[in-house]
């Protein structure tokens with residue numbers, strides 16, 4: 001959510017800023033803006049609601065130029081979607097600010113600043129940053145010191161970049177809770193909330209740490225820690241790929257990313273899965289010693305990643321013989337919890353910057369967990385840097401807001417983690433061999449599963465007039481049903497709920513009628529007969545069902561039930577396989593509904609505020 005791009009150079013930086021914003025569109029936003037320090041010493045600000053292209057058109061029409069500038073895409077938190085609330089925000093036509101995060105004490109600051117004569121032109125918390133910095137500048141402090149003094153007054157999360165027109169060719173940045181990365185060039189330097197924005201201009205990055213404040217000019221980057229002391233931060237050479245401009249012939253990024261899943265799962269396994277087991281230390285240096293002592297796993301995540309964790313709990317307890325807890329990060333961080341002996345904390349995040357998950361990791365370190373592991377898709381992200389161990393999913397850039405390939409690679413990682421822990425906790429040779437063989441077959445099985453796409457597209461037409469739906473699954477398919485319901489609601493705006501099918505008679509049966517489609521995931525496993533009984537409960541009450549079933553499960557289509565046959569697979573990988581049909585269903589229903597598939601309303605790709 002929200003995106004920041006900034007540049008200090010000798011050349012015109014307008015194209016750099018706008019291209020950076022385009023590359024951050026996938027994060028979710030509702031308005032965009034840019035501020036440039038012009039040669040005559042004035043600040044030029046252009047803001048627009050809607051898509052970045054609206055801003056691009058306005059900037060082009062204005063013939064805007066500048067060698068120092070900041071730009072932003074806003075996802076509204078305080079104040080509606082208006083041009084006045086779009087970033088950058090000004091103070092006295094001198095200070096310009098862009099900001100990700102939330103200043104929690106902004107109302108108190110606003111009252112104090114009004115008492116000093118400041119006028120507010122927006123409803124945002126961000127405008128208090130601009131006026132607070134301006135007040136420090138008026139006291140005679142240089143920009144760096146003004147920002148250092150200002151951030152001491154802020155409560156909450158912020159990644160912010162500030163310009164002062166009286167101190168050109170310089171920006172000052174501050175990070176607390178919301179990520180910022182500095183890009184290093186030759187005679188020019190850059191800042192962004194995500195390295196993706198800067199890949200066209202540099203591959204050399206510095207990731208700011210909590211509490212850092214940095215002064216950036218064309219030729220220098222000076223970083224200071226929370227105590228105001230100068231510090232050195234590691235320079236990282238990035239080899240990350242970004243293909244946001246290329247849908248590879250697909251209509252949407254989401255569809256492209258669904259079809260990339262066989263390839264990215266193959267990448268996740270490459271070099272890690274050997275013929276008869278796992279390669280050593282695939283979870284990080286020294287991981288073998290840690291995993292050998294694990295007796296409990298605590299998983300922390302949000303959204304889709306939470307569903308991956310819920311699925312992993314079935315695997316870890318069934319195969320690896322360790323207890324496992326799974327908790328939503330925003331709940332974990334605000335309640336008292338008990339730390340089990342020899343407990344491994346596992347965080348999951350596509351971006352590695354999810355605010356609640358990151359805060360939960362920091363809390364867990366204080367609570368005394370034996371070690372921490374993150375499963376993540378972004379090298380150099382905060383979760384990766386702050387965890388003891390890390391497993392990179394290698395899913396590549398995921399542009400669609402609704403996660404697809406990140407989820408299946410997370411599940412793949414968890415199945416490998418199950419093997420790694422299980423070998424120290426009595427995982428049977430038979431189960432180990434079956435899981436290894438299933439993982440070897442997984443990319444091909446995913447490719448085979450995608451061949452049923454056409455049948456799902458036809459089925460989706462029956463959802464054109466539906467406003468509600470129910471998803472059912474049993475065992476390790478229950479979290480997959482939850483993920484299917486989440487996908488449908490995210491991109492088609494159809495209200496969807498998921499239940500463990502054994503819970504039907506405890507309430508959800510009251511919802512069943514011909515207007516409530518019921519989607520069932522039915523692999524051929526030990527729970528199949530139980531599931532069939534639940535299906536009959538729905539049929540007896542006039543429900544219309546759509547069953548994704550193993551071709552050997554003996555379901556037949558009739559006037560009350562549409563059956564889509566899914567290729568047979570080993571039970572261990574069935575949750576990964578059955579994810580794909582539900583992704584395709586949500587995609588094709590969204591097409592029929594005419595919604596914005598890649599950038600659904602009100603949502604953001606990377607949730608960097610709690």
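Structure notes:
- Members of region 347-384 that are in contact (Cβ under 8 Å) with a residue 40 or more places away in the chain and on the phi > 0 side of the Ramachandran plot: 380
- Residues of region 251-269 include none that is in a strand (DSSP E or B) and out of contact with any strand residue (DSSP E or B) (no Cβ under 8 Å at 6 or more places or on another chain).
- Hey, residue 383 surrounded by 19 or more Cβ atoms within 10 Å (Cβ to Cβ) and farther than 22 Å from residue 425 by Cβ or not: yes
- Filtered residues of region 274-297 (kept if surrounded by fewer than 22 Cβ atoms within 10 Å (Cβ to Cβ), touching a strand residue (DSSP E or B) at 6+ places or on another chain (Cβ under 8 Å) and not in a loop (DSSP other than H, G, I, E, B)): 287, 290, 296
- Scope region 533-542; condition without any contact (Cβ under 8 Å) to a residue 12 or more places away in the chain and either in a helix (DSSP H, G or I) or within 32 Å of the chain's Cα centre (by Cα) (or both); matching residues: 533, 536
- Of the criteria (1) modelled with pLDDT under 95; (2) in contact with a helix residue (DSSP H, G or I) (Cβ under 8 Å, 6 or more places away or on another chain), which one residue 312 fails: (1)
- Test for residue 409: is it surrounded by 24 or more Cβ atoms within 10 Å (Cβ to Cβ) and touching a strand residue (DSSP E or B) at 6+ places or on another chain (Cβ under 6 Å): no
- Taking strands (runs of 3 or more DSSP E) as the structural unit, those lying wholly within region 5-83 and holding at least 3 residues that are in contact (Cβ under 8 Å) with a residue 40 or more places away in the chain and touching a helix residue (DSSP H, G or I) at 6+ places or on another chain (Cβ under 7 Å) correspond to 31-37, 68-74.
- Subset of region 97-134 [within 23 Å of residue 81 (Cα to Cα), touching a helix residue (DSSP H, G or I) at 6+ places or on another chain (Cβ under 8 Å), part of a helix (DSSP H, G or I) and free of Cβ contacts under 8 Å to residues at least 24 places away in the same chain]: 110
- Subset of region 471-497 [over 17 Å from residue 576 (Cα atoms) and either crowded, with 20+ Cβ neighbours inside 10 Å or touching a residue at least 60 places away in the same chain (Cβ under 8 Å) (or both)]: 488, 490, 491, 492, 493, 494, 496
- When restricted to residues that are surrounded by fewer than 23 Cβ atoms within 10 Å (Cβ to Cβ), part of a strand (DSSP E or B) and touching a residue at least 60 places away in the same chain (Cβ under 8 Å), region 174-204 contains 2.
- Residue, nearest to residue 313 (Cα to Cα), within region 454-470, restricted to residues that are in contact (Cβ under 8 Å) with a residue 24 or more places away in the chain and surrounded by fewer than 17 Cβ atoms within 10 Å (Cβ to Cβ): 468
The values are calculated or read from the model by the stated rules, or taken from the named source; none is laboratory data. On a predicted model such as this, the values are computed, not experimentally measured, just so you know. Here Cβ is always computed from backbone atoms with ideal geometry, including for glycine, and neighbour counts include all displayed protein chains.
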